[in-house]
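Below you'll find the structure, written out as structure tokens, and then a few comments.
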Amino acid sequence: MDVDVTIDDENGAARMTADTHCPYCALQCAMTLTPAPAGPVPVTVTGRAFPTNRGGLCKKGWTSAELLSTPGRVTTPLVRRDGELREATWEEALTLVATRLAELRREDGADAVGVFGGGGLTNEKAYLLGKFARLALGTSRIDYNGRFCMASAAAAGNRAFGVDRGMPFPVTDLDDAETILLLGSNVAATMPPFIGHLAGARAAGGLIVVDPRRSQTAQLTANGGGIHLQPAPGTDLALLLGLLHVVLAEGLADTRYVEERTTGFDAVRRSVASWWPERVQEHTGVPVAQLREVARRLARGRGTYILTGRGVEQHVDGTDTATAAINLALVLGLVGRPGSGYGTLTGQGNGQGGREHGQKSDQLPGYRKIADPEAREAVAAVWGVDPAVLPGPGVPAVELLGMLGRPGGVRALMVHGSNVVVSGPDAGAIRAGLEALDLLVVCDFVLSETAALADVVLPVTQWAEEEGTMTNLEGRILRRTRAIEPPPGVRSELDILAELAHRLGAPSVWPTDPADVFDELARASAGGIADYSGLSHALLDAQLADGEAAHWPYPAGSTGTPRLFLDRFGHEDGRARLVPVRAREVDAGREPGELTLITGRLLEHYQSGAQTRRVPELVSAQPEVRAELHPATAARLGIGEGDLVLVRNPRGEVAARALLTGGMRIDTVFLPFHFAGRQCANVLTEAAVDPISAMPEFKRTAVTVERAAEQEEAA
Ligand SMILES: Nc1nc2c(c(=O)[nH]1)N[C@H]1C(S)=C(S)[C@@H](COP(=O)(O)OP(=O)(O)OC[C@H]3O[C@@H](n4cnc5c(=O)[nH]c(N)nc54)[C@H](O)[C@@H]3O)O[C@H]1N2
Ligand SMILES: Nc1nc2c(c(=O)[nH]1)N[C@H]1C(S)=C(S)[C@@H](COP(=O)(O)OP(=O)(O)OC[C@H]3O[C@@H](n4cnc5c(=O)[nH]c(N)nc54)[C@H](O)[C@@H]3O)O[C@H]1N2
Ligand code: SF4
Ligand SMILES: [Mo]
């Protein structure tokens, strides 16, 4: 869709508006951009009526256009010379990158070059990046920040259903729910317009929020809205086993559904047998009476949904925890039936599409496995190459970052859409790895902390300056449309990848028009799980103008799939798998005097903060990191409101002002991860990962907290 002429201003001159979606999270709120040539910000943003956001936007959405003209915008390639990043021409920068990449490949083989992508990239960019890694670089070593985000929920969904689509139903289905169990998700801060879809459940007293903090979302359960369960961090798996135990003990299971639509019930039944409520209370801190009440409420007829967020997934047992939530939903007969369901809330703007089209180490476009000979053949045919030239599976993100600069590891890294030095686990080690590289190339539109370490920075277009598609949290494909011309000097990522592919002598064709890239993606996805082959930019534009949604799978000749699993699941026998899982020990390894650090998000900032720390209104609302502590914990440690505290462990130290709140447990401290330098929460987190999904443990880290000495306070 190109721009529409819809507004006439006073003197009759037509101005153009573009209907698009927010550049940030997976709710992908609909907005209209109107060019404002006179002001400091080049477009004005208005919310647009759309099923997911109903015209609403959060603060980040409202202020998103400010980044287009931020003083920190990079508009010229930068190349490091004598230790400093200096302006260079595109010819110089691209020649340097292509020459060095080819040299390193010659010296150490193709796997000496790594690629790190992002879930904020459009489908077109994510697809071309995966193709570029496999064909132009020939490397297997590509992965992306979705490993930090969606990997555990995705692994659990694939294992249970044979398909991973965050929400297998439109979000508006939630409007009629009577009961919603929301585990480890703070939507009131992370997707504010989403809470409109919780209104029905709240009115019915059925919003059940599981969070060790009284988060903004947990606060929605007050005044009869529902129940807040406040377990110890990392004990959700035991809680879920306990809920299933009560469901079975009290005869609340949907036995007919279990028999007809699932396999594996007996093993799961046995696995929860010993999780009687008293044991669960001891393990999690959740009272027996609450556990029983919640189990009964979930089983009370239709209108029940179970949803998970990062709070339960970003753990070393995140896949098993998501699996336990799925088991509960299946035994209650909630999945694949209108009026009930299970889902996970995708995070980044294109967190869903970003994991479908080939930037994950083990995948090819269409959510196909790169190790599967049939998938390799199908995609190689679209690319016009011999399947034998495609590398095999690479390694997941944390492992990839652990190889930087190591012998036999990765000597050059290309980063597209992630600020790993702030957002990756054990950030100090990641910084050391990035510094040890022979070549770090970062594509970005601002000088993120990661870009600041690069040898070459390539400036790219931003959302309002480009065309493309995004796949939101419901698996609905949306159009991103251009409202304004990019500033002179920046190039689109598609253009950069195509140019480098040519210089590296890559086979195949390298389209740069997003509609053409989409057409190729659609063909490459045909027959895969995430099949987009019936779609094109033109079709999407016509449909969207009609108010019709496009949910994948959308094979040629179909009209898409708003609701999955109505008749069958993705496994060959059509049944869902119930998979027995076990809870780990609580607090193993906590020393006396240690607290558990949990990390997460603030409404005003997005991710590593590379973008939102550049928006004045957001910065003035949340200028710096604050450590949230229970007043009793603070009193015990001699800490007062606003004191500077040091949060420490052997990996690092964060300096933060104390924010005292009764919403914390006395054994935990909370830090948002949006800040850099001495405020970076991830210098404390550990690179330990879930054995199935390779998701790092972001939500549970041992730390000590103490008041900073006076000299430190003064500094
Ligand atoms: N404002 C804002 N919105 C965002 C983003 C952002 O950076 N800022 N990022 C987007 C992205 S990529 C994502 S992935 C989503 C994430 O969205 P959410 O999943 O809602 O975000 P988090 O704040 O990481 O975690 C949610 C909650 O988990 C709780 N939690 C921590 N540990 C545990 C635990 O062990 N068990 C349980 N049950 N809960 C726990 C935290 O206290 C927190 O309130 O948000 C998206 N939206
Ligand atoms: N401690 C802790 N750490 C966490 C989490 C947590 O809960 N706790 N959550 C994790 C999660 S869920 C996520 S998703 C990650 C996210 O963390 P990151 O991967 O760091 O994500 P962003 O901060 O969004 O970084 C995106 C970067 O890409 C740039 N960018 C945006 N769009 C584009 C584009 O189209 N092309 C290019 N080339 N660049 C672009 C932005 O300017 C920014 O510099 O953080 C993870 N880290
Ligand atoms: S909720 Fe997400 S998509 Fe909507 S305006 Fe806020 S950041 Fe943008
Ligand atoms: Mo995320």
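The values are calculated or read from the model by the stated rules, or taken from the named source; none is laboratory data. All values derive from a computational prediction rather than experimental measurement. Virtual Cβ from ideal backbone geometry, glycine too; neighbours counted across all protein chains shown. In case anyone asks, the SASA skips ligands and DNA or RNA and just uses the protein heavy atoms, side chains included. Shrake-Rupley method; radii C 1.70, N 1.55, O 1.52, S 1.80 Å.
Numbers at a glance
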| item | result |
| --- | --- |
| Candidates D164, D143, filtered to the one that is assigned to a loop (DSSP other than H, G, I, E, B) and either aromatic (F, W, Y) or in contact with a helix residue (DSSP H, G or I) (Cβ under 6 Å, 6 or more places away or on another chain) (or both) | D164 |
| Residues within the stretch 280-317 that are outside any helix (DSSP H, G or I) and in contact with a Cys (Cβ under 9 Å, 6 or more places away or on another chain), tallied | 1 |
| Helices (runs of 4 or more DSSP H) lying entirely in the stretch 185-254 (those with 1 or more residues that are crowded, with 22+ Cβ neighbours inside 10 Å and among the polar types (S, T, N, Q)) | 187-190, 216-219 |
| Neighbours by Cβ (under 8 Å, 6+ apart or cross-chain): first from the stretch 626-638, surrounded by fewer than 21 Cβ atoms within 10 Å (Cβ to Cβ); second of a type in the set (D, E) and assigned to a strand (DSSP E or B) | L637/E706 |
| Boolean, V581 is within 16 Å of ligand 2 (Cβ to nearest atom), crowded, with 18+ Cβ neighbours inside 10 Å, under 29 Å from the mean Cα position of the chain (by Cα) and among the β-branched types (V, I, T) | no |
| Residue match in the stretch 370-387 (condition: away from ligand 1 (no atom under 16 Å from the Cβ), part of a loop (DSSP other than H, G, I, E, B), out of contact with any Gly (no Cβ under 9 Å at 6 or more places or on another chain) and in contact (Cβ under 8 Å) with a residue 40 or more places away in the chain) | yes |
| Conditions (1) under 16 Å from T704 (Cβ atoms); (2) open to solvent by less than 60 Å² (accessible area, probe 1.4 Å); (3) in contact with an Asp or Glu (Cβ under 9 Å, 6 or more places away or on another chain): number failed by G593 | (3) |
| Test: residue in the stretch 651-662 that is within 21 Å of A427 (Cα to Cα), under 27 Å from the mean Cα position of the chain (by Cα), within 16 Å of ligand 4 (Cβ to nearest atom) and open to solvent by 30 Å² or more (accessible area, probe 1.4 Å) | no |
| Test result for A464, outside any loop (DSSP other than H, G, I, E, B) and modelled with pLDDT of 95 or more | yes |
| Filter pass, A289 being among the small types (G, A, S) and either open to solvent by less than 20 Å² (accessible area, probe 1.4 Å) or at pLDDT below 95 (or both) | no |
| The stretch 107-120, residues that are open to solvent by less than 10 Å² (accessible area, probe 1.4 Å) and either within 16 Å of ligand 4 (Cβ to nearest atom) or acidic (D, E) (or both) | F116, G117, G118, G119 |
| Condition met for V654 (touching a helix residue (DSSP H, G or I) at 6+ places or on another chain (Cβ under 7 Å) and in a helix (DSSP H, G or I)) | no |
| Selection from the stretch 411-420 of residues that are open to solvent by 10 Å² or more (accessible area, probe 1.4 Å) and over 30 Å from E485 (Cβ atoms) | R411 |
| Top-ranked residue in the stretch 431-456 [being touching a residue at least 60 places away in the same chain (Cβ under 8 Å) and open to solvent by 10 Å² or more (accessible area, probe 1.4 Å); ranked as nearest to ligand 3 (Cβ to nearest atom)] | F445 |
| Among the residues listed as R355, R368, R300, the single one being modelled with pLDDT under 95, buried (at least 24 other Cβ atoms within 10 Å of the Cβ) and not aromatic (F, W, Y) | R355 |
| Test: residue in the stretch 402-410 that is open to solvent by 10 Å² or more (accessible area, probe 1.4 Å) and assigned to a helix (DSSP H, G or I) | yes |
| Residues of the stretch 474-524 satisfying the condition of being out of contact with any Asp or Glu (no Cβ under 9 Å at 6 or more places or on another chain) and of a type in the set (V, I, T) | I477, I496 |
| Failed condition for V422, given (1) within 16 Å of ligand 4 (Cβ to nearest atom); (2) hydrophobic (A, V, I, L, M, F, W, C); (3) under 22 Å from A687 (Cβ atoms); (4) touching a strand residue (DSSP E or B) at 6+ places or on another chain (Cβ under 9 Å) | (4) |
| Residue ID - farthest from ligand 2 (Cβ to nearest atom), chosen from residues in the stretch 41-76 that are part of a loop (DSSP other than H, G, I, E, B) and touching a Ser or Thr at 6+ places or on another chain (Cβ under 7 Å) | P51 |
| Lone qualifier among L96, L57, L135, L104 - being open to solvent by less than 10 Å² (accessible area, probe 1.4 Å) and either aliphatic (A, V, I, L, M) or within 16 Å of ligand 1 (Cβ to nearest atom) (or both) | L104 |
| Qualifying position, being touching a strand residue (DSSP E or B) at 6+ places or on another chain (Cβ under 9 Å) and either within 25 Å of A201 (Cβ to Cβ) or among the charged types (D, E, K, R) (or both), among R310, R292, R269 | R310 |
| Output for the stretch 22-40, where each listed residue is within 16 Å of ligand 2 (Cβ to nearest atom) and open to solvent by less than 10 Å² (accessible area, probe 1.4 Å) | Y24, A26, L27, Q28 |
| P71 vs. criteria under 16 Å from E465 (Cβ atoms), of a type outside the set (K, R) and modelled with pLDDT under 95 | no |
| Cross-chain or 6+ apart pairs with Cβ under 8 Å, the stretch 535-548 first and at negative phi and polar (S, T, N, Q), then open to solvent by less than 70 Å² (accessible area, probe 1.4 Å) and assigned to a helix (DSSP H, G or I) | S536/A515; S536/F518; S536/D519; S536/A522 |
| Exclusive hit being in a strand (DSSP E or B) and either more than 16 Å from ligand 3 (Cβ to nearest atom) or not basic (K, R) (or both), set E617, E604, E572, E628 | E628 |
